[in-house]
Amino acid sequence: MSPKSILSDRSRPLVIAGPCSAETREQTLSTCLALAETGLVDVLRAGIWKPRTSPGSFSGVGEEALGWLAEARSLTGLPVAVEVATARHVESAVSSRSRGAVDLIWIGARTTVSPFAVQEIAEALRGTDVPVLVKNPLNPDVELWAGAVERLLAAGVTPGRIGLIHRGFSYLGRGRYRNAPAWPLAFEMRDRFPVLPMICDPSHMGGDRKYISELAQSAADLRYDGLMIESHICPDRALSDPAQQLSPADLASVLRGLNWRAEAADDPEFVRSLAMFREEIDQIDTELLGLLGRRMRISEQIGAIKRSNNVAILQNSRWAEIRARLLSQAAQLGLSPEFLSQILNAIHLESIARQQRD
Ligand code: PEP
Ligand code: MN
């Protein structure tokens, strides 16, 4: 794959894999060679400038590793990618392209949050042709993520050279995953920038290798355009992110186990059944809307008679009775209490708002 078509070829999912960090020449080359041998990897990755939370942590070997990556590239024939966080990083990564080192760069989550840093990277990319992937910011803020893309576009980076990486978000109070995915937020980015490929990074989402397969499958189910997964020749000895890295062999088995379903199929029976079910769904949605409209109009009438009789809008006992009745009906219909509660709360809030209107 030529560097320029890395992002534009969306006929099959793109797989980017490699160590969290390039640590030594030996570790970089052995990991990259083992990954290339799987035949399942399209682009090699390695962090060489690592933005670490604590100043004492391993922060990458820097420019020296560009030479190791150039070797990995010529031994495997695969393009290589590094993370950049400053204009100086871009200059050394991109100018080293003449020696064949870096074909693609990415902006990390800690950098996407900083408009100054993104602006300086965007300006350093002016006049180059290197593709750039933008990871989501640490916090679930779609505007920051979109703003980073807009800065690149404004600096003349063409849409065909930009991609997005959903790596999850940090939340107060850690749940199952290190950085929880926010699939709807990533969908919003996709809607705003439909031409940009959306790649999932299950390694930084999960924070533990045991979650990578389930998260990657979720991405495949949601029709992501590719995956970025960390892989180390000896994960437990990795100097950064040891818990989440997979050996090249384990990465290959995760990739082989994924089911990327097609968006569409042309089997006539499938097409006919799908059209029939969709028609039924469209009909049901129309009925649901009609019923909601009717319910709200009745609610307004109740509001009017409550007003003229000087009765309070919110009557907790009546609402508790409605909830209890519907929850038991929902269970019989196979609808979960969480789902029903969300719908009821939305209906209740809207009803109260209408009754408050004069
Ligand atoms: C990385 O890809 O190694 C990395 C530092 O990721 P993130 O910016 O998603 O934390
Ligand atoms: Mn990492």
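The values are calculated or read from the model by the stated rules, or taken from the named source; none is laboratory data. On a predicted model such as this, the values are computed, not experimentally measured, just so you know. Using ideal geometry, Cβ is built from the backbone for each residue, glycine included, and neighbour counts are taken over all protein chains shown. Surface accessibility is based on the protein's heavy atoms, side chains included, excluding ligands, DNA and RNA. Shrake-Rupley method; radii C 1.70, N 1.55, O 1.52, S 1.80 Å.
Here are a few things to note about the model shown:
- Result for the chain in a Gaussian network model with C-alpha springs under 10 Å: among 170, 299, 57, the largest mean-square fluctuation is at 299.
- Scalar couplings 3J(HN,Hα) for the stretch 15-23, obtained by applying the Karplus form with A = 6.51, B = -1.76, C = 1.60 to θ = phi - 60°, are 10, 10, 8, x, x, 3, 10, 6, 9 Hz; x denotes Gly and Pro.
- For the stretch 90-176, the fraction of C-alpha pairs more than 22 angstrom apart is 26%.
- Cα-based Lys proximity count in the chain, under 27 Å, for pairs eight or more positions apart or on separate chains: 5
- Per-q log10 I(q)/I(0), the stretch 184-303, q = 0.14, 0.18 Å⁻¹ (Debye; single scatterer per alpha-carbon; no solvent): -0.80, -0.99
- Rounded to the nearest 10 Å², the accessible area of residue 289 at probe 1.4 Å: 120 Å²
- At an R0 of 25 angstrom, the distance between the Cβ atoms of residue 313 and residue 187 translates into a FRET efficiency of 0.10.
- Selected from 151, 73, 176 as most flexible by GNM, with the chain as the system and alpha-carbon contacts under 10 Å: 176
- Modelled spin-label separation between residue 285 and residue 262, with each label point placed 7 Å from Cα along the Cα-to-Cβ direction: 2.4 nm.
- Close amide H contacts of residue 133 (hydrogens built in the peptide plane, cut-off under 5 Å, sequence separation of 5 or more or a different chain): 105, 106, 107, 163.
- Rg to Rh, two decimals, where the chain supplies the alpha carbon set and Rh follows Kirkwood: 1.10
- Extension reserve of the residue 87-residue 116 stretch, reckoned as 0.36 nm per residue once the Cα distance is removed: 9.4 nm
- Normalised size of the stretch 271-324, defined as Cα radius of gyration per 2.2 N^0.38 Å with N residues, equals 1.79.
- Relative contact order computed over the chain (Cα-Cα under 8 Å; 6+ residues apart), in percent: 14 percent
- The gain in end-to-end length when the residue 296 to residue 276 segment is fully stretched comes to 4.1 nm, 0.36 nm per residue minus the alpha carbon separation.
- Rounded to the nearest 20 debye, dipole of the stretch 32-100 from Cβ charges on Lys, Arg, Asp, Glu: 160 debye
- Taking 308, 59, 240 in turn, the Gaussian network model of the chain (Cα-Cα springs below 10 Å) assigns the largest fluctuation to 308.
- Value of [θ]222 nm, deg cm²/dmol, for the chain, DSSP H segments ≥ 4, -39500 (n - 2.57) each, nearest 500: -16000 deg cm²/dmol
- Membrane-span-like helices of the chain, defined as complete DSSP H segments with a Cα extent of 27 Å or more along the helix axis and a mean Kyte hydropathy of at least -1.0, are identified as 268-308, 337-356.
- Annotation for the stretch 232-310: GluC sites (Glu not before Pro) lying in DSSP loop with at most 15 further Cβ atoms inside 10 Å of their Cβ are 263.
- Amide H contacts for residue 21 (H built 1.01 Å from N in the peptide plane; partners 5 or more residues away or on another chain; cut-off under 5 Å): 47, 240.
- Förster-model FRET efficiency, 30 Å R0, residue 335 and residue 250, C-beta, rounded to 0.05: 0.15
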